[in-house]
Amino acid sequence: MLRITCPFCGERDQVEFAYGGDAASVFPDLADADLDRWTDAVFMRDNPRGDHREFWQHQHGCRQWLYVVRDTVTHEIKSTLPAREPRRAAATHEGRKG
Amino acid sequence: MSAQPCRLARGGRIDRSRALSFEFDGRSYAGFAGDTLASALLANGVHLIGRSFKYHRPRGIYTAGLEEPNALVSLRRGGRHEPNVAATTVELFDGLEARSQNSWPALDFDLMRVIDRVSRVFASGFYYKTFMGPTRGAWMFYEKFIRRATGFGTPPLERDPDRYEKGHAFCDVLVVGGGASGLAAALAAGRSGARVVLVEDGADLGGSLLSRPTGGDTDAWLRTVVGELRRLPNVRLMTRTTVFGAYDNLVFGLLERVGDHLPVPAPEQPRQRYWVLRARQVVLATGMLERPIVFGNNDLPGVMLASAGRSYVNRFAVIPGRKIVVFTNNDTAYAAALDLAASGIEVAVVDLRSAVSAELQHDARHAGIALHPGCAVARANGGMHVRSVEVCTFDSAQATIGDAKLRLPCDLLLVSGGWTPTLQLLGQRGAKPVYDEKRAMFVAAEIPRGYRVTGSATGEPGLRLRVASGLKQGSTAAQACGFAVSPDAESVGATFHDERIMTDITPVAAIPDPPDAGYRKKFVDFQHDVGFDDIALALREGYESIEHLKRYTTLGMALDQGKTSSVNALAIAARMLGRPINELGTTTFRPPYRPIAIGALAGPETGLHFKPIRRSPMHELHARNGAVFTTAGFWLRPWYYPKPGESPRDAYIREADAVRKAVGMVDVSSLGKIDVQGPDAAEFLNRVYTNGFDTLVIGKARYGVMLRPDGIVADDGTTSRLSENHYFMTTTTVGAGKVMTFLEYLLQTAWPELRVQLTSVTSQWAAIAVAGPRGRDLVAALVRDVDFENAAFPFMGVRHGHVGAIPVRLLRVSFSGEMAYELYTPAGFGEALWQALSDAGQPFGLVVYGVEALGALRIEKGHVAGAEIEGRTTLADMGLARMASKKKEYIGSALSRREGLIDGNRQQLVGLEAASSAVALRAGAILCEPGRHQGHGIGFVSSVTYSPALGRHIAMGFVAGGMSREGTVIDAVFPLRGEVTAVRVRSPHFVDPEGVRLNA
Amino acid sequence: MPEQRSALASVYKPGRVGVYDGPAQVVLFERANRTLVQVSGWPGSFRELCRKLETLLACRMPEDGLKAISQGQRSIFRVGPERLWVAGPSDDDLLMRFDGAALGEEAVVTEIGHSRTIVRAAGAEARTLLNRGLPIDLDFTAFPVDAFAQSVIHHMPVLVHRVGDSDFDVYVARDYAVSFWEWLTGAARSLGCQISGPE
Ligand SMILES: [Zn+2]
């Protein structure tokens, strides 16, 4: 069982959170109806050994969506941030896999 | 009850003032408070406890702790019957009933022993080789005989009457183990002010100190330390508790045995309590377990570990034998030999090592112990109990056996093959121990963050050093939690003289067969009957990886998880392969460290409390109205309201019919309700719904559909605009949570720039739908402050009014196709509103209806619901293509245009009616071309009902080609029941397709 | 306003539960006459909104999601980064007729007064009782008076507020109230529990 530190509520049990998928993929703008870009965003996932960027919602807490970096080998939670904050940074500097 | 022939007259840590009576296999015995079942049986001279798993060999008591592989018994009766309990862990209580296991017809006369005689046939891989492949069919035939012949105790058949509890706990420092070093760690940490939890498996604190002779200076030390710990308010001592699991982020699973030492738990008290404990630091003071040595007939009753012999004589004042041989490859067994000899018992020591220290030789001589250095016990002799041992010369340098030297008569053989630090909890965290060749033991290598190891668990033999290490680790753990440690935190008032520190060991796991000793089985894993030969066979057949070896032989896979066998098995395999033990590695440790009852894990979450129930504000009224309830997610909803003598079918048909003919009302409070507010609310709804919402005028509602990002329909509902920036969204009952979470996801991850606030208000509002040709008359008669004229309050209108003093929000929406309103009121007024409608409804012929009639009415109208929005269907599949706006993009719009989703051959929604009014339809039936009942057919039936309006069964379903098949007759096939029903494809708008009734 | 019906009306039976000998270690009762208002804002203007609320309610606003501000009969919780709950007695006219208009465009007021049932757990073992299901550290060092946490008890979302040394208020969604009450009174059996009349 994980203990996840919500930036707003503090360190809490995993049972309060819900996993929300890969945070490395970002939806294109709605106006962009390009099928390939949407297919990429919705279906294509990396499966890294080590740091994994992912969304968790503090569902039974403040209901914030969090941007979490978790080590897939050790389960160590490296960082948690409100999702609305790192979204742009993540989208720009990681980009999507070529 | 009889005297206790093997109990010493004095000594021990038992309470002789409290005599207890107990039964084993129907015979009555006496024991004392402080005994375990095992010590009490030994005090009565009972050594034969059970029959082994596979070969039905007689087995006795091998240890004095939870590592016990042999002495498994069943306890109690009826619903409290519990199989496979180690007698060494059972605290004796008055009236305890225990039974032996796996014997037939009787423990001392077991006919299944014949398996042992032909046991070469049953070697590892026997079942696999015999019953897989071409002879597999034979397994079906033989399985029931084989299952009866092998195994452990039988499971209980009755319901467990006891309570189980769960608890959440938190601490700074968790100390696992209540022996000397654990107590020291808890003391040092506790003195700093840190919140400390110390967990001890047994009933008493002290660990191995309890196995020392009573009255020594370590007893005084123990009293001092425990006394101080008990006075520290920040220290919690949990005895009879096991840390069975170490999970991520320093979370631990604990099992507290609250009532296992009692005949039945105290009134209202649980039998066991399952704790989830989060610590900031943990100190493992888990001690170590003694290793057996493998030799012929080493499983005979009367063979036990030397440490167990010492524990029985010192702690329980039991002399487990009158003539004792101690067989050892190291110094530590001498402590047992000396303590037993001090009790006046005849003791001989057979030591594998030719060079025994002068001190030990002196001690042995002084105690009258016959010493046989450079010798091995090659075999134990005896039928049901050890009678003698064959002693051969042994070359410890070559590990080769020499000639038979002598036969020593004895009735107890104590064995010590070295020690194994208990590191399972580290192993559960993925930290594998490494083998220290010099000390012949696995020791901790990599220590995970937050963990510390102290005491014997480090392999340290000296008590003083172990205590010093405990104090040190306790201090540093407290410091790591931010607590200041004073310089004298690591001193204890009381002191003790250390016992002689004994370290020398000649690591030999198994004694080779002497040429003339004759073949006898040598067991490595007693509990699973895995022998030396099974390991040899597995290696010959190529199962050299330790994980393969384990699975092929099942070694270490029994209830004891190889606590006494894993290391010996590794040592034996390593020697056979000629490789160092560290090259073989270890198997993976997983929780639990010891067996845990399923009841404890379930805790109180059974029956009524299995999961919570969500109830509508009008729930009590429905119950009083005789409603039969059904579940929808966590909700309980009225399914139908039967009148006396009515079947469920009669009831829902009557209810649905009355709605079409007069008026009905139904509780729809469980619909998901989301308050959407903010300057960008309209834009947000435009992005998440397939149809437009920015054009919705204030005071109107609109039906909306949402897609998943992959283009599949997610959920539907109506959303009304209450003011410029304020919308009120409804979702399906089951979809509410998912929709809310997804909308929040979009706002926070994809569109943080939108200024929209979402709040789930499902619990805030009671909701009642009133429908039927007299619906308006009823609502208009009751609700004031609203003009109900068609023009003033049109279809899809939203208004506010009052019933008495109760505020009501009205939506003129219809799921049934009738003139209908949804009435929303704050939940605390729900009952009053329902009651008011009920009272006012009599003159209008009002009926209450449940979700079955609701379903019937919506199917008659061809409205889709959960059975159609089932995770694979698109808007077009459900005939809702018109809902897809072409003026904008929305979530799911891009991928809804992918090839697979616009394929013209997709199965599409149709209405179906039974060709004959006499037959019923079934949801889930496969639709096939007439007579061609193959494969997946051409579609399936999603929803069915009896239609009072049409006088027959109708259905909704999906079929390839959709409405192009209108008018044709196809087959609805239900292979599970062998049913084939002819159905006619037609429009799903069965009733009033023009919608005139909406405004009637 | 007409009277609100308690969600617990059908199951509420004052008296002893579970272990009978000795004094009750836990006292449970419903805090029936309370109301609740939610005010939400946006990152850029939340500070300003708080200032307006401070004027309106004559009370400080909480700085974080760990500790409530209690003043008189009111308690204010910051349940999200830009979201507040104001709880108070149901004769608190200001809350019962809470007017968001006074707060301007930067405030969103949501009516949630009927959405929660509030249960008080008091007594020496109240903390033990809640921790049978609540995965929150209720030790004084971690959870002092006025600390609160939104969490979950037996799958049911709750907000737990420490209102005194051994007194806790639990806010649970109204539709779960009966299940929560059954869970709570069941878990209290081994402690010895007194259910007193609603307050
Ligand atoms: Zn949070």
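The values are calculated or read from the model by the stated rules, or taken from the named source; none is laboratory data. Just so we're clear, the structure is a prediction, and the values are computed from it rather than from any experiment. Glycine also receives a Cβ, built like all others from the backbone with ideal geometry; neighbour counts cover every protein chain displayed. With ligands, DNA and RNA removed, areas are computed over all heavy atoms of the protein, side chains included. Shrake-Rupley method; radii C 1.70, N 1.55, O 1.52, S 1.80 Å.
General observations
- The residue list B:E831, B:E860 contains one member that is within 21 Å of B:Q908 (Cα to Cα), in the same structural domain as B:S814 (by TED's automatic domain parsing) and among the acidic types (D, E), which is B:E860.
- Among residues of the stretch C:144-157 being open to solvent by less than 10 Å² (accessible area, probe 1.4 Å) and under 26 Å from C:G72 (Cα atoms), the one that is farthest from the ligand (Cβ to nearest atom) is C:A147.
- Of everything listed in (1) modelled with pLDDT of 95 or more; (2) within 16 Å of the ligand (Cβ to nearest atom); (3) not charged (D, E, K, R), the single unmet condition for A:H52 is (2).
- Residue check for A:E16: open to solvent by 40 Å² or more (accessible area, probe 1.4 Å), within 14 Å of the ligand (Cβ to nearest atom) and either at pLDDT 95 or above or farther than 22 Å from B:V251 by Cβ (or both): no
- Among the candidates B:L998, B:L927, B:L921, residue that is out of contact with any strand residue (DSSP E or B) (no Cβ under 7 Å at 6 or more places or on another chain) and surrounded by 13 or more Cβ atoms within 10 Å (Cβ to Cβ): B:L998
- Set side by side, the residues C:F98, C:F140, C:F77 differ, and just one is in the same structural domain as C:A24 (by TED's automatic domain parsing) and either more than 16 Å from the ligand (Cβ to nearest atom) or of a type in the set (A, V, I, L, M, F, W, C) (or both), which is C:F140.
- Scanning the stretch A:27-67 for residues that are among the polar types (S, T, N, Q) and under 17 Å from the mean Cα position of the chain (by Cα) returns A:N47, A:Q57, A:Q59, A:Q64.
- Checking C:S70, C:S45, C:S40 one by one, the residue that is open to solvent by 20 Å² or more (accessible area, probe 1.4 Å) and either away from the ligand (no atom under 16 Å from the Cβ) or within 14 Å of another protein chain (Cβ to nearest Cβ) (or both) is C:S70 and no other.
- Residues of the stretch B:377-396 that are in a loop (DSSP other than H, G, I, E, B) and open to solvent by 10 Å² or more (accessible area, probe 1.4 Å): B:G382, B:G383, B:M384, B:H385, B:R387, B:S396.
- With respect to (1) β-branched (V, I, T); (2) over 22 Å from B:G450 (Cβ atoms); (3) open to solvent by 10 Å² or more (accessible area, probe 1.4 Å); (4) not in a loop (DSSP other than H, G, I, E, B), the lone exception for B:T214 is condition (4).
- Subset tally (residues that are part of a loop (DSSP other than H, G, I, E, B) and within 16 Å of the ligand (Cβ to nearest atom)) for the stretch A:61-78: 4
- Scan of the stretch C:1-12 for residues that are at pLDDT 90 or above and within 10 Å of chain B (Cβ to nearest Cβ), ordered by number: C:Q4, C:R5, C:S6, C:A7, C:A9, C:S10, C:V11
- Hits in the stretch B:372-422 - residues which are of a type outside the set (A, V, I, L, M) and in contact with a His (Cβ under 8 Å, 6 or more places away or on another chain): B:H385, B:K405, B:D411
- Considering the stretch C:13-26, and only residues there that are under 15 Å from C:L184 (Cα atoms) and surrounded by fewer than 19 Cβ atoms within 10 Å (Cβ to Cβ), the residue that is farthest from the other protein chains (Cβ to nearest Cβ) turns out to be C:P14.
- Options C:S75, C:S115: the member that is touching a residue at least 60 places away in the same chain (Cβ under 8 Å) and surrounded by 23 or more Cβ atoms within 10 Å (Cβ to Cβ): C:S115
- A:D46 meets all of the listed conditions (1) modelled with pLDDT under 95; (2) within 10 Å of the ligand (Cβ to nearest atom) but one, namely (2).
- Scope the stretch B:839-863; condition in contact with a Leu (Cβ under 7 Å, 6 or more places away or on another chain) and either of a type outside the set (F, W, Y) or open to solvent by less than 30 Å² (accessible area, probe 1.4 Å) (or both); matching residues: B:A840, B:G841, B:L846
- B:P638 being within 14 Å of another protein chain (Cβ to nearest Cβ) and surrounded by 24 or more Cβ atoms within 10 Å (Cβ to Cβ): no
- Scope the stretch B:191-208; condition of a type in the set (A, V, I, L, M, F, W, C), within 20 Å of B:K472 (Cα to Cα) and either open to solvent by 20 Å² or more (accessible area, probe 1.4 Å) or not in a strand (DSSP E or B) (or both); matching residues: B:A194, B:L205
- Among residues of the stretch B:260-288 that are assigned to a strand (DSSP E or B), those with a Cβ under 6 angstrom from a residue that is polar (S, T, N, Q), sequence gap 6+ or separate chain, pair up as B:V283/B:T454; B:V283/B:Q473; B:M288/B:T420; B:M288/B:T422; B:M288/B:S456.
- Members of the stretch B:29-47 found to be assigned to a loop (DSSP other than H, G, I, E, B) and over 34 Å from the mean Cα position of the chain (by Cα), listed by number: B:N44, B:G45, B:V46, B:H47
- Taking every residue in the stretch B:193-205 that is more than 12 Å from chain C (Cβ to nearest Cβ) and pairing it with any residue that is among the basic types (K, R) and part of a loop (DSSP other than H, G, I, E, B), at least 6 positions away or on another chain, the pairs with Cβ-Cβ distances below 6 Å are B:A203/B:R240.
Yes/no matrix, rows are residues, columns are (1) within 13 Å of chain B (Cβ to nearest Cβ); (2) of a type in the set (F, W, Y); (3) within 22 Å of C:L84 (Cβ to Cβ); (4) not in a strand (DSSP E or B):
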{"site": "C:T128", "(1), (2), (3), (4)": "yes, no, no, yes"}
{"site": "C:I136", "(1), (2), (3), (4)": "yes, no, yes, yes"}
{"site": "C:H161", "(1), (2), (3), (4)": "no, no, yes, no"}
{"site": "C:D169", "(1), (2), (3), (4)": "no, no, yes, no"}
{"site": "C:V172", "(1), (2), (3), (4)": "yes, no, yes, no"}
{"site": "C:A177", "(1), (2), (3), (4)": "yes, no, no, yes"}
{"site": "C:F180", "(1), (2), (3), (4)": "yes, yes, no, yes"}
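- Only one entry in B:V243, B:V258 is closer than 25 Å to B:T476 by Cβ, surrounded by 18 or more Cβ atoms within 10 Å (Cβ to Cβ) and either away from chain A (no Cβ under 14 Å) or among the hydroxyl-bearing types (S, T, Y) (or both), namely B:V243.
- In the stretch A:3-42, the residues that are closer than 16 Å to A:W65 by Cα, facing chain B (nearest Cβ under 8 Å) and part of a loop (DSSP other than H, G, I, E, B): A:A23, A:V26, A:F27
- Each residue in the stretch B:704-733 was checked for being surrounded by fewer than 19 Cβ atoms within 10 Å (Cβ to Cβ), in contact with a strand residue (DSSP E or B) (Cβ under 8 Å, 6 or more places away or on another chain) and more than 10 Å from every other protein chain (Cβ to nearest Cβ), and 1 of them qualify.
Residues checked against (1) at pLDDT 95 or above; (2) touching a Pro at 6+ places or on another chain (Cβ under 8 Å):
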site	(1), (2)
B:G924	yes, no
B:E929	yes, no
B:V944	yes, no
B:G951	no, no
B:I970	yes, yes
B:L998	no, no
